[in-house]
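Peer 1: Mind having a look at this structure? Questions to follow.
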Amino acid sequence: MIDFGFSISKSSHIQMDDVDLKTFKKLEALNPDINTCMSCGLCTATCSAGNFTDVSFRKIILMLQRGKDKEALQKVKRCMMCGKCMMICSRGINTRNILLSITRLYNEEEK
Amino acid sequence: MTPSYDNTYTMKERNVLIIGGGPAGMEAAHQLKQLGFNPIIVERNDKLGGHLAQWDRLFPTSETAEGLLERLKENIKDVEVRLNSRITNIEKNAETFHVTLSNNKNFDVDAVVICTGFDLFNAEKKQEYGYGIYDRVITNAELEEYFKTHNDKRIDEPQRIGFVHCVGSRDIKVNNTYCSKVCCATALKQACEIKDEFPDADVYCFYMDLRMFGKGYEDLYLKAQKDFDIKCVRGRVCEVSENIEGKLVIKAEDTLLGTPMKMTLDLLVLMCGMEKSKGADEIQKMLNIESNKDGFIENLGAFVGMNKTKEKGVFVAGACTSPKTLPDTIAEARSTAMEVYHYLCNN
Ligand code: SF4
Ligand code: SF4
Ligand code: SF4
C-alpha cells in the first residue's frame, strides 16, 4: 500500500452486529447462571490472582459477551482456580465451573 | 391519650372533592366513604382509572391491570362520580370551597383532595432517540398497548430489541433531574413479556442504575436474567439512527467495560418517565398551591406532612407530588383519607 503519511484508525466501538456469540451461547447453555451477574465486583475484589494480575471474573464474562474473546482468555490464563470468587459471589454463580467451561469450550474452538 | 372526636354531627353531609379518578382518587374516595363522608370524584376523562386503564399487566407480580382496576371500582360503586367534567372554578369561603364544573353544576365541599397524577414524558423532546421520526422507536405505553391488543405493525417478529431506561428522567437536558421510580421495574417486566412472545429475540436493557427497590422487584430482576436471558447493559443510549433497511442503529457506552458500542435493533422501547399532569396547573392556580423544583405539587414536607398542602383543607395523594409506584399511591391515598378525617373532625 502506498504510504500517504497517515493511516485510518480502527473504530474503538464494539460493533455488536459483527460479534459471533456461538461459543458464548454454548457456555450459557452449560451454565445458565452466567447471565445473573449483577456486576457487584466481589469476585474481582477477592480474587487471589487479581492482586497481581488483571483477572476479573466479572470482566471475563462481559468481554465474552462483547466478542472480546482473546482478551478474556488472556485473563482466564491468570486464574489459579482457587474458587474464592465462587465462595463470595452475591448471585451464587458457580464461577469456577464457568472458568473451567470457558477453558474447555474456547480452546476447542481454537483447534 | 387516645384522641376522641365528637362524631355526633352527620359526616354524610360533609362533602370531599376528589380531583382525578385514577388509583389515588378512587382509593381516597373509597376510604373517605368508609369513614362516613361523602366524597365526589371529578374526572375529566370519560372513564375511571387514569394510566392504570391503559396498562396490561403490573410489576412485579404480572397480575392484570384490569383486575386491580375492577377491584378499585367495585369499592367505590356507591360514590358519586362525575366523568367528562372539568373544574372551572374553586372559591374558598370561610370553611368551605365552592366548586363549579364545566357543565355549570356547582356545589360546596368541606375539603379537597388533589389526585391529578402524572403525564408520561413526551419522548419527542429527546430528539436523539428519534421517537416520532423512526418507525420502530416506541414508548413503554405503546408497548403496553400492544400487549393488550397485539395490534401494532411496528412490532413484527423483532430479532433484537432494546429498552432505554430513564427517558425524560435523571436528565438535566430535559429539566427533569429526579428518578421516576417505576420505569426500571416496568422495563424488566416488559422485557420478559416481549421475550416470552419472541423467544428467539435478543433483548437488551440500557440502564444507569437498576432501581429494583420494592417488594419482589429484585426477584423480577433475577428472573429476567435467569429465565428470560435479558441482557442488562450499563450505559445510556446516546443516539439512534436508521439504516437503509429501516432498522435502528444505536450507540451507547458499555460503562462496565469502558468501551463504546454500536448495535442494530429491530425495535427500541423508550421508558418514558413521569411528569406532573398538566391538568394540575389550573387546579393549583385556583387553590393557590405552588409546584416544587421538580415541577410536581408542593406538599408539606417529606415525612409526616406529605398528604397536606400549605392551604388549609387542601390535601394531596398519589403521583401529583412525586413519581410513585401503585402500592405507594394506594398507601398514600389511604393515609390522606385519615388526614382528611382528622381535619374534618377538628373543624
Ligand atoms: S478462581 Fe480464579 S478468578 Fe476466582 S478468585 Fe480464584 S483466581 Fe480469582
Ligand atoms: S461476585 Fe458474582 S454477581 Fe458479583 S460481579 Fe462477580 S460474578 Fe457478578
Ligand atoms: S426507575 Fe429506573 S429507569 Fe426510571 S428514572 Fe429511575 S433509574 Fe431511570
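Peer 1: Can you tell me what share of the DSSP beta bridges in region B:206-347 is antiparallel? A percent to the nearest 5 is fine.
Peer 2: Around 90 percent of the beta bridges assigned by DSSP in region B:206-347 are antiparallel ones.
Peer 1: For the protein assembly as shown, report the accessible area per residue in Å² (1.4 Å probe, heavy atoms, rounded to an integer).
Peer 2: Heavy-atom accessible area per residue stands at 49 Å².
Peer 1: What's the extension gain from B:Asp119 to B:Ser335 if we count 0.36 nm per residue and subtract their Cα-Cα distance?
Peer 2: Gain on stretching B:Asp119 to B:Ser335: 75.4 nm.
Peer 1: When only Cα pairs under 8 Å and 6 or more residues apart are kept, what is the percent relative contact order across chain B?
Peer 2: 20
Peer 1: Provide the FRET efficiency to the nearest 0.05 for the A:Phe4-A:Asn51 pair, computing r from the beta carbons and using R0 = 60 Å.
Peer 2: It comes to 0.80.
Peer 1: For region A:20-110, what relative contact order do you get, as a whole percent, if you take Cα pairs closer than 8 Å and at least 6 residues apart?
Peer 2: Result for region A:20-110 is 36 percent.
Peer 1: Next up: Between B:Glu239 and B:Phe213, take the C-beta separation as r, use R0 = 35 Å, and let me know the FRET efficiency to the nearest 0.05.
Peer 2: Step by step, r from the Cβ atoms, then E = 0.75.
Peer 1: Pick out, from B:Val233, A:Cys47, B:Phe97, the residue whose Cα sits farthest towards the positive end of the charge dipole of the protein assembly as shown, with +1 on the Cβ of Lys and Arg and -1 on the Cβ of Asp and Glu.
Peer 2: A:Cys47
Peer 1: Now for a separate question. Answer rounded, prolate or oblate for region A:33-84, using the Cα gyration tensor with square roots of eigenvalues a ≥ b ≥ c: rounded when a/c is under 1.5, else prolate when a/b is larger than b/c, else oblate.
Peer 2: Oblate, since a/c reaches 1.5 and b/c is not below a/b.
Peer 1: So for the pair B:Asn151, B:Glu298, with labels modelled 7 Å out along Cα→Cβ, what separation do we get in nm?
Peer 2: 4.6
Peer 1: Suppose R0 equals 45 Å; then what is the FRET efficiency for B:Leu222 and A:His13 from their Cβ-Cβ distance, rounded to the nearest 0.05?
Peer 2: Efficiency computed from Cβ-Cβ geometry: 0.90.
Peer 1: Turning to a different aspect of this structure: Do the sum for the protein assembly as shown: with -39,500 (n - 2.57) for every DSSP H run of n ≥ 4, divided by all residues, what is the mean residue ellipticity at 222 nm, to the nearest 500 deg cm²/dmol?
Peer 2: -9500 deg cm²/dmol, from helical runs alone.
Peer 1: When a/c reaches 1.5 or more, the comparison of a/b and b/c decides; with that in mind, is region B:121-274 rounded, prolate or oblate per its Cα gyration tensor?
Peer 2: rounded
Peer 1: Could I ask something else about it? What fraction of the DSSP beta bridges in chain B is antiparallel, stated in percent and rounded to the nearest 5?
Peer 2: 45
Peer 1: Follow-up question, since we're still on this one. What is the antiparallel percent of DSSP beta bridges lying wholly in region B:121-274, to the nearest 5?
Peer 2: 40
Peer 1: Rounded to the nearest 100 Å², what is the sum over both chains of accessible area buried where B meets A, with a probe of 1.4 Å?
Peer 2: 2000
Peer 1: Now for a different question. Roughly what would the spin-label model give for B:Lys251 and B:Thr61, points 7 Å off Cα along C-beta, in nm?
Peer 2: According to this spin-label approximation, the distance is 4.5 nm.
Peer 1: Same structure again: Provide the solvent-accessible area of B:Met274, counting protein heavy atoms only and rolling a 1.4 Å probe, rounded to the nearest 10 Å².
Peer 2: 10
Peer 1: While we're looking at this one, here's another question. For B:Lys173 paired with A:Lys70, estimate the spin-label separation in nm (one decimal), with each label point 7 Å from Cα along the Cα-to-Cβ line.
Peer 2: The answer from the label model is 3.4 nm.
The values are calculated or read from the model by the stated rules, or taken from the named source; none is laboratory data. Given the structure is predicted, the values throughout are model-derived calculations rather than measurements. Using ideal geometry, Cβ is built from the backbone for each residue, glycine included, and neighbour counts are taken over all protein chains shown. Side chains are part of the model used for accessible areas, which takes the heavy atoms of the whole protein and leaves out ligands, DNA and RNA. Shrake-Rupley method; radii C 1.70, N 1.55, O 1.52, S 1.80 Å.
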